[in-house]
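Remarks on the structure that follows.
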Amino acid sequence: MLLAREARGFVGRRVGWAEWAEDVVQEVLLTVHRVRSTYDPARPFAPWFYAIASSRLVDALRSRRRLALREVADDEAVARREAPRAEAHVLSDTLAHAVAGLPRVQREVVSLLKYEDMSVRDVARRLGMSEAAVKTTAHRGYKMLRRTVGDLGEHRPAD
Amino acid sequence: MNTDQLIDRLVADVTPVRRLLKPTERAALWTAMALVAVAFGVAWFGIRHDIATAWLEPGVLARIALLASTMWLSIVAAFRLSVPGGETRAFARWWPIALLGVLTAISAAELVAAWAVGAAGSPLRSWTCVRKVAFVGTVPAIVSIVLISRGFAVEPRWTAILGVLAAGAAGALTSELACPIHAPLHVFLWHITPVIVSTAVGALVGTLIVERMLRL
């Protein structure tokens, strides 16, 4: 139950309360159960758990993106009608996709800093990095996000 | 099924599991198996007839040392990457790639130097060294992918690349110990290039397998 709450919080902070978020939570729990032999009690639990959760969330976002590309024609019709209302949601989804597409370390650093509101020092401690490395990685991640979100924005059908 | 029902089912199914060995221990076991495969390959193809003098050649020694180091570092990195949250440092995975780069650079430099004096050799002679790499590398490659899949590879592509690279290096090690041809063109084309090509091809196939097994 505690793990389910953690997983739900982790997913919810990243994609909001989307209807498919609970499926990701279940995937995380199943995976934790299946690969529990990889956990070493001598090491901290959180990095192990969040690495699994993050991986499952990325998988879900990727498969949703593939699905969205296939269903673009239907979506376009709906989007034209509901564009203003959906604008905020689209932006948040675009950003979530862009974060998911970052290299792993950048993704973890950006997620922990921005979604979890952790301090640079806490992120450095959790990921076993120096504070300077966390700042540099975050800077690179933001730069890449700006570029990616800009590119996606230019190609959005509503535009 | 809702999440509470899933949790109840998982709790009911839970059985004690044996913890996976540490990555270095798994790498040591894999390396022992790979060395048996190399020994078998050398016995099958026959040890090079000039082995007594080949040991004294810096080029041969450098290639053997670089291939053995690449094999070890690749497999350790692959097993570390197959433990969630275990390895985030980039250099651990780049070391084996860098060693392969050094090996390629040394062989290419020897080739260019030999070409300049017209002693590069023929590209057609004894291409069967590719068979040695494939013959010896296949089983370690399969075993590495199976062992990686017993963990949870957060980065399937990197993990598969490193697992297959380790197996390719074992195959090339066999070529170095079994093939007496010194010609730089032969060494470059038929000892080193197969490692690069098999890593690229194996990475594609290995990534698909690792990703598929992650979804099970």
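Annotations
- When chain B is treated as a Gaussian network with alpha carbon springs shorter than 10 Å, the biggest mean-square fluctuation among B:Phe91, B:Phe152, B:Phe45 belongs to B:Phe91.
- From phi via Karplus (6.51, -1.76, 1.60), per-residue ³J(HN,Hα) for the stretch A:105-112 in Hz, x at Gly/Pro: 5, 4, 4, 5, 5, 4, 4, 5
- Note on B:Val197 and B:Leu56: with the Förster distance fixed at 25 Å, the Cβ-Cβ geometry gives a FRET efficiency of about 0.25.
- B:Asn2-B:Trp94 pseudo-label distance in nm [points 7 Å out on the Cα-to-Cβ vector]: 5.0
- Rounded to the nearest whole Hz, the Karplus-based 3J(HN,Hα) values (6.51 cos²θ - 1.76 cosθ + 1.60, θ = phi - 60°) of the stretch B:58-71 follow the sequence x, x, 5, 4, 4, 5, 5, 5, 5, 5, 5, 5, 4, 4, with x at glycine and proline.
- Gyration tensor (alpha-carbon) shape descriptor, the protein assembly as shown, a/c threshold 1.5: prolate
- Net charge of the neighbourhood of B:Pro194, taken over other residues with C-beta under 11 Å away and scored Lys/Arg +1, Asp/Glu -1, is +2.
- 3J(HN,Hα) from dihedral phi, the stretch A:120-132, Karplus parametrisation 6.51/-1.76/1.60, rounded to Hz, x for glycine, proline: 4, 5, 5, 5, 4, 5, 5, 8, x, 10, 7, 5, 4
- Cross-link partners for A:Lys135 among the lysines, with Cα-Cα distance under 18 Å and sequence neighbours closer than 8 places in the same chain left out: A:Lys114, A:Lys143.
- Computed over neighbours whose Cβ is under 13 Å from that of B:Val14, the net charge equals +1, Lys and Arg +1, Asp and Glu -1.
- Net charge of neighbours whose Cβ lies under 15 Å from the Cβ of A:Arg8, counting Lys and Arg as +1 and Asp and Glu as -1: -3
- Here is the list for the stretch A:12-72: chymotrypsin sites (Phe, Trp or Tyr not before Pro) lying in DSSP coil, each with at most 15 other C-beta atoms within 10 angstrom of its C-beta, are A:Trp17, A:Trp20.
Throughout, read-outs are computed from the coordinates displayed, never taken from laboratory work. On a predicted model such as this, the values are computed, not experimentally measured, just so you know. In this analysis, Cβ positions are derived from the backbone assuming ideal geometry, glycine residues included, and neighbour counts consider all displayed protein chains.
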